[in-house]
Amino acid sequence: MIAWTIYLTFAGAIVLLFAPRVLARWIALATTAAGFATSLIAFFQIPIVDLAHFKTIVRVPWVPMLGMEYHLALDGISLTLVLVTGLTALSAVLFSWDVEHRQNEFFFWLLLVVAGSYGVFLSADLFLLFVFYELVIVPKYFLIAIWGSTNKEYGAMKLTLYSFFGGALVFIGIIAAYVTAGSLNLHDLAEFPFPLQLQAWAFPVLFVGFAVLAGIWPLHTWAPTGHVAAPTAGSMLLAGIVMKLGAYGALRVAMNLFPQGFHMWRNEIAVFAVVGIVYAAAVALRQRDLKFVIGYSSVSHMGFVLLGLATANALGISGSVLQMFSHGVIAALLFAVAGRMVYRRTHTRDLDELSILQLNRALPFAAFTFVVASAASMGIPGFSGFAAEITILIGTWKAYPLAVWITGAGMVLVAAFTLRALKKSFFGDSQPAGSATIDPITAAEKWGAGLLMFATVAIGIYPKLLLDRIMPAVESMRFLK
Amino acid sequence: MVGIITALILFPLLGALFVGTARPNGARGIALGFNVFTAILALILWRDFDTAAVGLQMIERHTWIPAIGAEYLLGVDGLSLLLVILTSIIFPFAFLAQRMERGACALMLVMQSALYGTFTAQNFVLWFLFYEMSLIPAFLLIRIWGGDKRDRAATKFFLYTFLGSVAMLLSFLGIYLAKGTFDFAALTALGKTGLLAGDMAWLAFAGIFLGLAVKVPLFPFHTWLPDAYETAPTGVSMVLTGVLSKMGVYGFVRLLLPLFPNQINILAPWLLALAVCSIVFAALAAWAQSDLKRMVAYLSINHLGYCMLGLFALSARSTSSLIDMQAALSGVFMQIFNHGLTAAALFYYVGLLEQRRGLRGINDFGGLMQRTPLLCGWMSVAMFSSLGLPGLNGFIGEFLIFKGSFAVAASFTAVAALGLLVTAVVFMRAMQTLFSGPLAESSRAIVDLTPSEKLVVVPVTLLMFAVGIAPQFVFNIFNTTVVQMARLFA
């Protein structure tokens, strides 16, 4: 039934093309809510034992001559990511309630991104996965180029070019796997003994191709500019879901297909990840634009995901998946505050300009949300970020003790820049210059923010909910055996 | 069924929720109402606590995150109970100290819940959750409602503490990896044999030491404290010094000393030196202050230095007898309680002066005795208690610490006694300038204690006398725990 997330979302997108304008956002809301509800039902109904393996749910021949199939499967990792996709999508729609310009189109593109992402997370056929993966790129371009702000053409173009570059690398890797093994089925491929020589070069090509989208340093520069240029919902989807596509691909395809290649290269991955965590945090400390701060914080947090993957033990990788969920929620929340709650009302994101507005008096709910989001982002216990980071760090202790301490320095930097952004944006000192009328927070925003805050606290306090489903799935993966 | 400790932790959180939705001017009343509940719960806990039993009591245990060894494990021993009671006393006292906005009340209640959790959690991950939970509220309280320089003070406070916390967290992760448990009792049992091998042990020790030393704070990690205490609103300063600083001391007793006996033993002279520096330098620094609040803040460092002196002395495993160790440890526990009470009271009185005069420089007042005899009288009691006059609560703890430490580390203790002398000078000078002398022009309009203030002052002062004259009821709380811990360290 979880396959319905894909069908429902595509159906919603198509309906939007013909629906009258007044209904546009309601249709989008209904579609994303249905998607989220479906994933939630699946989450609570599917027994945990069934999630330990990547179990086929739909399998229909597509192009039999080339061995392509419409083949979907599900395990704990996929389910976790489907869940965060549903959640982020629903709140992204709620935070787009004020979009007036070409509404139908906006929500059409938005739903395409979401549907494509569901597809990637559920695909068990390599070609199908690639189709969904590429499907996400085009709508992202339009979302940013049409509805974006600040340097939108540049941001959109950069993001698209990076994505296509990564996509090309992925394509090479896929072809290499297909030609060698003669199958596109992920199950078969995961059993196939690829020659060592092939793995040595195919793994890095495939991994880097995916990691571009995950924002791996030094190929991360598309992320901050893209996030800044995108409309609020765009940033939320980009940081919340699209970056996860890359990390998911790296895990599901690159690492699982080429285990020896992975073990050859994992030290390098760990180095890049740690550099990314510290470097992005240091850069964020110097930014003036609130969205740039959050953009770089995303890169830093995704560094944790890559570090977890590089540990090559069940705990580290499970932490990584948990971090994908957690970062999806937290980044969406941060962008929602910066883009929708603050920027739409004050028309500035400059930290110095915001600091004279005393926004905590004008927008107490936004201030509260931002405090929660910042605490979660810093890795304060009780929020999902901590649960994920502590799991990753225990895993890292096993593999790279030194990296743990460098990462620790990175965590302090993250706290420093988050604190700086928090106090400048909401708790400025000087008196407000004249009482400019600032609209109160709308109900849609409250619902969206409430949903995301609930998710980060719930998983922060009881991460077992997800870890119970993620761990067995990770343990059954090939490179751990 | 929710256990009593869980209820104790949840009540203030519930209160925060209530306050958040209350009418703005009713906030403090609601906060105080919830404090009545927590006080009752703390009393029930005290009543049901078996003072003769060894080990943890009222244990609540549930699985939480088995993947990383985290358990929901709460329990109290004598030390925990003492701190729970202290928290339940200081918070209502702080709420009564001044008017507070709705947001401030909610944040204070969140902090209260975090403190109950910190003092009762017996699994590292759970403990760390509560330990960190107080950080953001404290930061916001200082940042939003603080005085001058609040931005700098709040940021410094947060980043220092956070740095220490991260170092501590990473160290514990390493320990977990080696030993596979986060359970305090299990770790304590393993401490004797050494938790980690070689350099890793030193690294872990350094990380945890840093985290706790910043929190206490111990010289030279104390520089955030005077700024933070000075600028925070009165009620917040009271909580910071009364209870929050005890988190660090508690961590030393509960974690560092049992887990790293060898490291502490080797470093003992250096650690003792740090404690003595805390005592002497902080006292001298207090002498040099002209701002009353800053002066009290430095004295706070000085008093916590005595706790550290006692702890390091008893863990310097020389030929010390069990009796001396027990004396030192009892002294430390007593000092924890007394410093919490007295320092909070001092901040309260400084707050009263500041409310009346708008300033708190030591030279902004003079001849107060002529106008406000009651305020001066009650305030002197707190001051005498702080400088350790026999018959008041401050004396008993310091006496035991000196008695216990002298047997082990005579020279260090002798130097530390200098601190006592300086403290006395500081208070004498303060009393002289504030209370006696000619009536300063600026102090002419100052009013004496109001009836509602008397209602706050009298019980607190009575408690000081009670502990000073008949301390046995406090000793009873932690006697068994002291004996048990002393045996562990010996």
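What follows draws every value from the coordinates through simple rules; no lab data is involved. Everything quoted here is computed from the prediction, not taken from an experiment. So basically every Cβ, Gly included, is an ideal-geometry build from the backbone, and we count neighbours across all protein chains shown.
Tell me the relative contact order for chain B as a rounded percent, counting alpha carbon contacts under 8 Å between residues six or more apart.
Working: 835 pairs, mean separation 76.3, N = 490.
So the answer I get is 16 percent.
Roughly how many nanometres apart are two label points built 7 Å out from the Cα toward the Cβ at B:Met200 and B:Leu10?
Here the answer is 3.9 nm between the modelled labels.
Dividing the alpha-carbon radius of gyration of chain B by 2.2 N^0.38 Å (N being the number of residues), what value is obtained? Let's see the in-between values first.
Working: Rg = 21.4 Å, N = 490, 2.2 N^0.38 = 23.2 Å.
Compactness ratio reported: 0.93.
Assuming R0 = 56 Å, can you tell me the calculated FRET efficiency for the pair B:Asn363 and A:Ala458, based on Cβ-Cβ distance, to the nearest 0.05? List each step's numbers first, then the result.
On the way: r = 55 Å, r/R0 = 0.98.
With R0 = 56 Å, the Cβ-Cβ based efficiency is 0.55.
Farthest toward the dipole's positive end in the protein assembly as shown, which of A:Ala270, A:Ala310, B:Ala154, given Cβ charges of +1 (Lys, Arg) and -1 (Asp, Glu) about the Cα centre?
B:Ala154
Simple spin-label model, 7 Å along Cα-to-Cβ: A:Tyr7 to A:Ala200 in nm?
4.8
Quick one: order A:Asp350, B:Asp50, B:Asp77, B:Asp227 by neighbouring beta-carbon count within 10 Å, fewest to most. Don't jump to the answer; show the numbers that get you there.
On the way: A:Asp350 13, B:Asp50 9, B:Asp77 24, B:Asp227 21.
Taking fewest neighbouring Cβ atoms as first place, the list is B:Asp50, A:Asp350, B:Asp227, B:Asp77.
Rounded to the nearest 0.05, what FRET efficiency do B:Phe473 and A:Gln260 give with R0 = 45 Å and r taken as the Cβ-Cβ distance? Could you check?
Details: r = 69 Å, r/R0 = 1.53.
Efficiency for this residue pair is about 0.05.
Based on the Cα gyration tensor of segment B:337-442, what are the three equivalent ellipsoid semi-axes, each the root of five times an eigenvalue, rounded to whole Å and given largest first?
Working: eigenvalues 190, 39, 24 Å².
One finds semi-axes of 31, 14, 11 Å for segment B:337-442.
Answer with one residue from B:Leu41, B:Leu299, B:Phe337: the one whose Cα lies farthest towards the positive end of the charge dipole of chain B, charges on Cβ with Lys, Arg +1 and Asp, Glu -1.
B:Leu299
At 0.36 nm per residue, and after removing the present C-alpha to C-alpha distance, how many nm does the segment from A:Glu475 to A:Glu153 gain when stretched out fully? Walk me through the intermediate numbers first.
Numbers: separation 322, 0.36 × 322 = 115.92 nm, distance 4.33 nm.
Separation in residues times 0.36 nm, less the Cα-Cα distance, equals 111.6 nm.
Compute the length gained on full extension between A:Trp447 and A:Phe44: take 0.36 nm times their separation in residues and subtract their Cα-Cα distance, giving the result in nm to one decimal.
Numbers: separation 403, 0.36 × 403 = 145.08 nm, distance 2.24 nm.
The span from A:Trp447 to A:Phe44 would gain 142.8 nm if fully extended.
So how do A:Asp125, A:Asp439, A:Asp188 line up by other beta-carbon neighbours within 10 Å, fewest first?
Values: A:Asp125 23, A:Asp439 10, A:Asp188 13.
If I rank by nearby Cβ atoms, fewest first, I get A:Asp439, A:Asp188, A:Asp125.
Please report, to one decimal in angstroms, the Kirkwood hydrodynamic radius of chain A built from all distinct Cα-Cα pairs. The partial results should precede the final answer.
On the way: mean 1/r = 0.0456 Å⁻¹.
Its Kirkwood hydrodynamic radius stands at 21.9 Å.
List the relative contact order of chain A as a percent without decimals, with contacts defined as Cα pairs under 8 Å and 6+ residues apart.
Values: 899 pairs, mean separation 82.4, N = 481.
That works out to 17 percent.
Given A:Lys398/A:Lys423; A:Lys291/B:Lys179; A:Lys398/B:Lys192, which pairs have Cα atoms separated by over 31 Å? Can you show the working numbers first?
Numbers: A:Lys398/A:Lys423 37 Å; A:Lys291/B:Lys179 42 Å; A:Lys398/B:Lys192 24 Å.
Among A:Lys398/A:Lys423; A:Lys291/B:Lys179; A:Lys398/B:Lys192, the Cα-Cα distance tops 31 Å for A:Lys398/A:Lys423; A:Lys291/B:Lys179.
If you take the square roots of the eigenvalues of the alpha-carbon gyration tensor of segment A:24-76 and sort them as a ≥ b ≥ c, do you get rounded (a/c under 1.5), prolate (a/b over b/c) or oblate?
Values: a/c = 4.57, a/b = 1.29, b/c = 3.53.
It comes out oblate by the Cα gyration axes.
Relative to the longest principal Cα axis of chain A, at what angle does helix A:364-378 sit, 0 to 90 degrees, rounded to 10?
Between helix and principal axis, roughly 40 degrees.
Over segment A:264-386, what per residue volume does the convex hull of the Cα atoms give, in whole Å³?
On the way: hull volume 11.2 nm³, N = 123.
Convex hull of Cα atoms, per residue: 91 Å³.
Using only the alpha-carbon atoms, how far is helix B:150-179 inclined from the longest principal axis of chain B? Give it as 0 to 90 degrees, nearest 10.
Relative to chain B, helix B:150-179 is tipped by roughly 20 degrees.
Just to be sure I understand the curve: with the Debye formula and one point per C-alpha of segment B:267-490, what is log10 I(q)/I(0) at q = 0.11, 0.13, 0.14, 0.16 Å⁻¹?
-0.56, -0.74, -0.83, -1.02
Suppose every K and R has +1 on its Cβ and every D and E has -1 on its Cβ; what is the size of the dipole of the protein assembly as shown about the Cα centre, in Debye to the nearest 20? It would help to have the intermediate numbers written out before the result.
Working: 56 positive and 43 negative charges, 214 e Å.
Roughly 1020 debye, rounded to the nearest 20.
Taking the Cα centre of segment B:267-490 as origin, work out the dipole magnitude from +1 charges on Lys and Arg Cβ and -1 charges on Asp and Glu Cβ, in debye rounded to 20. Don't jump to the answer; show the numbers that get you there.
Values: 12 positive and 8 negative charges, 14 e Å.
The dipole of segment B:267-490 has a size of about 60 debye.
Compute the relative contact order of segment B:1-154 as a whole-number percentage, counting only Cα pairs closer than 8 Å that sit 6 or more residues apart in sequence. Please list the in-between numbers first.
Details: 205 pairs, mean separation 42.4, N = 154.
Here the relative contact order equals 28 percent.
Please compute one quarter of the surface area of the Cα convex hull for segment B:1-78 and express it in square nanometres.
On the way: hull surface 27.5 nm².
For the Cα atoms of segment B:1-78, the hull's average projected area reads 6.9 nm².
Fewest to most neighbouring Cβ within 10 Å: what's the order for A:His53, A:His347, A:His220? Present the calculation step by step, with values, prior to reporting the outcome.
Values: A:His53 16, A:His347 9, A:His220 26.
With the sparsest Cβ surroundings first, the list reads A:His347, A:His53, A:His220.
If you take each beta carbon of peptide B:99-107 and count the beta carbons of other chains within 10 angstrom, what is the mean? Numbers along the way, then the final one.
Details: counts 0, 0, 0, 1, 4, 0, 0, 1, 1.
Per residue, the number of nearby Cβ atoms from other chains is 1 on average.
So for the pair B:Val425, A:Trp26, with labels modelled 7 Å out along Cα→Cβ, what separation do we get in nm?
My value for the distance between the label points is 8.1 nm.
Which length gain, in nm to one decimal place, applies between B:Ala186 and B:Ala53 when the Cα-Cα distance is subtracted from 0.36 nm times their residue separation? Don't jump to the answer; show the numbers that get you there.
Working: separation 133, 0.36 × 133 = 47.88 nm, distance 1.88 nm.
Roughly 46.0 nm would be gained on extension.
Just to confirm my numbers, what's the Cα centroid distance between segment B:238-304 and segment A:1-40 in Å?
60
For chain A, take the longest principal axis of its alpha carbons; what is the angle in degrees between that and the long axis of helix A:196-214, to the nearest 10 within 0 to 90?
The angle comes out at about 20 degrees.
Which shape class applies to segment B:25-66: rounded if a/c is under 1.5, otherwise prolate when a/b exceeds b/c and oblate if not, where a ≥ b ≥ c are the square roots of the Cα gyration tensor eigenvalues? Working shown, then result.
Numbers: a/c = 5.50, a/b = 1.59, b/c = 3.47.
It is oblate, given that a/c is not under 1.5 and a/b is not larger than b/c.
When the dipole is taken about the Cα centre of chain A, and only Lys, Arg (+1) and Asp, Glu (-1) are charged at their Cβ, what size is it in debye, to the nearest 20? Could the numbers behind the result be given before it?
Numbers: 28 positive and 22 negative charges, 116 e Å.
The dipole magnitude comes to about 560 debye.
Could you tell me which of A:Ile77, B:His222, A:Ala250 has its Cα farthest along the dipole of the protein assembly as shown towards the positive end, charges placed at Cβ (Lys, Arg +1; Asp, Glu -1), taken about the Cα centre?
B:His222
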